[in-house]
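Every number in this text was worked out from the coordinates using simple rules, so none of it is lab data. Because the structure is a prediction, the values reported are computed rather than measured. FYI the Cβ positions are ideal-geometry reconstructions off the backbone, even for glycines, and counts take in every protein chain you see.
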Amino acid sequence: MSAPDGGATADRAARLRALPGVDALAARLRADGDGGAPTAAEAVAAARVVVAARRAELLAGAADDADLLARAREHLRPTLRRVLNATGVVVHTNLGRAPLAPAAVDAVAAAAAGYLNVELDLDGGGRGQRDAHVAGLLRELTGAEDALVVNNGAAAALLAVAALAPADGTGERRVVVSRGQLVEIGGGFRVPDVIAQAGARLVEVGTTNRTRADDYAAAIAAGAGLVLRVHPSNFRTVGFVQDVSVEELCALGVPVVDDIGSGVLATGIAALADEPPIRRSIAAGVAAVTFSGDKLLGGPQAGIVAGTAQAVAACRRHPLARALRPGRLTMAALAATLALYRDPGRALREIPVLAMLTAPEGELRARAERLAAATGGTVVAAVARVGGGALPLVDLPGPAVALDPPAGADSLAAALRAHDPPLVGRIADGRVLLDPRTLAGDELDAAAAVVRAVLGRA
Ligand SMILES: *Cc1c(COP(=O)(O)O)cnc(C)c1O
């Protein structure tokens, strides 16, 4: 950068003078009409933001050329966009986790457009309970006496510990956790912090690799009133390892909160065999099991507390419950997703996460070949992942389509991401890989069209 001289100052003044007026830019935006013409007010709003930002750039010394029409057009596009997930990561937290089943999509659309009996008892006309719409299904599917829904898995664990940890003689609420379970789940969910935020005190027992029932018993004898078990979703300890089963924990004589994370309701999926089943924890006699709605359950973002009538009632009464309660769209999507589990075969076919995890090799190969033929890519052997911080050791082998980038894998991946709709693949060995496992239905053809447009092979 050279110091500002007379030439640069004159140049900047000329650039500032050449800035279009807000109305002129708005008129061009309206005439442009690309992607549906904005209203006059929308066009002026966009032009005002873009012209002001450009003026600030020029005053700060920018000497590049800028396409203000393109910027204004971009400004009016929603930043939250439908994305084609070709990463092969089935539960991709950065891409919104689980796509919804068609029945859940329909339920959300119907719920969004009108009023709902969220808290109205249609029989008696009195005030109903928000959770009633899913509690019955959760009782039926998990064997729990009752259930409560909150905004996410973290909220469910927080609420359960806050509501269920009893105070000891000194007024302290002590929660015992194995040192092997003091985990951090992505996005800043740290077990010690959750316990502190729930107003309780953490009592650590055992070691990173080995904790025994006696360790818990000693802490309980010393006054701890709640056992928190946390599934180490996103890592595994192997070798000289021992922990205490949920049945043994329930025999210790104090309430157990079991944060199992993913919440697998489906049965018979080999890839999910290592996830703790909800039903087992309920049958063991935990006070409450907590899990997410949008991981391996395949529903909307939600957190579920399922357990004894007494424990769930205590959670419902806790002041945090009101702060954590979900909206009606969540309730509609969750109820519709859970209803599919009444027919396990239908759940596997229609819940996208489950369908992707169990997609047969032949179907994946046919999809990969179709994608390769449409894009000029090559079919290669690859490995997809469950994702969502679950089952870090499980490989999902299957074919993927490799694209040889004309100018580097990073720049091709970036161009695919910047396209409308964005296509997100992954980079391996200097190539961009597109995994057909996570491209459902007509998304395969949409993905092929993006690749052709970006590579100029239309
Ligand atoms: C994912 C997870 C959470 C957090 O759930 P969110 O739905 O992401 O809030 C908490 N505990 C465990 C064990 C998890 O796997």
Legend entry - For the stretch 308-433, the fraction of alpha-carbon pairs in successive 5 Å shells from zero, as %: 2, 9, 11, 14, 15, 13, 11, 8, 6, 5, 4, 1, 0
Inset, instruction - Would you please put 245-253, 277-285 in order of how densely packed they are, using the mean number of other Cβ atoms within 10 angstrom per residue and starting with the highest? - result: 277-285, 245-253
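Nearest 500 deg cm²/dmol is fine: what mean residue ellipticity at 222 nm does the chain get from its DSSP H runs of n ≥ 4 alone, each adding -39,500 (n - 2.57), divided by its residue count?
Only helices count here, giving -12500 deg cm²/dmol.
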Inset, instruction - Taking each pair of different alpha-carbon atoms in the stretch 6-76 once, compute 1/r for the pair, average those values, and report the inverse of that mean as the Kirkwood hydrodynamic radius in Å to one decimal. - result: 12.5 Å
Legend entry - the stretch 248-298: mean projected area of Cα convex hull, nm²: 3.5 nm²
Legend entry - the stretch 280-330 versus the stretch 361-383: alpha-carbon centroid distance in Å: 40 Å
Inset, instruction - Do me a favour and compute the ellipsoid semi-axes for the chain from its Cα gyration tensor, root of five times each eigenvalue, largest one first, whole Å. - result: 47, 28, 25
Inset, instruction - Give the peptides 359-367, 300-308, 319-327 in descending order of average Cβ contacts within 10 Å, highest first. - result: 300-308, 319-327, 359-367
Inset, instruction - With just the Cα atoms of the stretch 411-458, tell me how far they stretch along each of the three principal axes, in Å, largest first. - result: 28, 23, 17
Inset, instruction - Label the stretch 3-141 by shape, choosing from rounded, prolate and oblate, from the square roots a ≥ b ≥ c of the eigenvalues of the Cα gyration tensor; if a/c is under 1.5 it is rounded, and otherwise prolate applies when a/b is larger than b/c, oblate when it is not. - result: prolate
Inset, instruction - Post the alpha-carbon centroid distance, the stretch 396-456 to the stretch 199-249, in whole angstrom. - result: 44 Å
Legend entry - Surface/4 estimate of mean projected area, convex hull on alpha-carbon atoms of the stretch 184-341, nm²: 10.3 nm²
Inset, instruction - Using only the Cα atoms of the stretch 85-138, each taken as one equal point scatterer with no solvent, compute I(q) by the Debye sum, divide by I(0), and report log10 of the ratio at q = 0.13, 0.21, 0.22, 0.26 Å⁻¹. - result: -0.52, -0.93, -0.96, -1.07
Inset, instruction - Report, largest value first, the span of the C-alpha coordinates of the stretch 305-361 along each principal axis, in whole Å. - result: 49, 24, 17
Inset, instruction - Rank-order 260-271, 126-137, 331-342 by packing density, defined as the average count of other C-beta atoms within 10 Å over each peptide's residues, highest first. - result: 331-342, 260-271, 126-137
